[in-house]
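Written below as structure tokens is the structure these notes are about.
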Amino acid sequence: MTRYKDKRRFRCEGEAGTSYVIVEQIKVARGLALPRTDYMTEDGEIANRLDDNHFLILLNKEIVSVRKRPRKHC
């Protein structure tokens, strides 16, 4: 059985000024050697992490920049 655990949230902004919150999730599954990290917006859009300060929103191909440091989500 696969579960996701929210780890951190990043407040981001696109070039057009659109605000996003990117959620870092850890995929935990039985038999999985190492946990996998996935990223998505709070609205459910899938994102890829490009580097420490940028994400790519896959649906609209928008690159967004991190505005604030992430906070842990428990």
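The values are calculated or read from the model by the stated rules, or taken from the named source; none is laboratory data. Note that the structure is predicted; figures quoted are calculated from it, not measured. Glycine gets a Cβ as well: all are built from the backbone with ideal geometry, and neighbour counts include every protein chain shown.
What to note about this one:
- Single match in Gly17, Gly44, Gly31 (criterion: modelled with pLDDT under 85 and out of contact with any strand residue (DSSP E or B) (no Cβ under 7 Å at 6 or more places or on another chain)): Gly31
- Residue that is surrounded by the most Cβ atoms within 10 Å (Cβ to Cβ) [pool: residues in the range 1-54 that are more than 9 Å from the chain's Cα centre (by Cα) and of a type in the set (Gly, Ala, Ser)]: Gly14
- Per-region count, the range 24-47, residues among the aliphatic types (A, V, I, L, M) and either closer than 13 Å to Val66 by Cβ or assigned to a loop (DSSP other than H, G, I, E, B) (or both): 4
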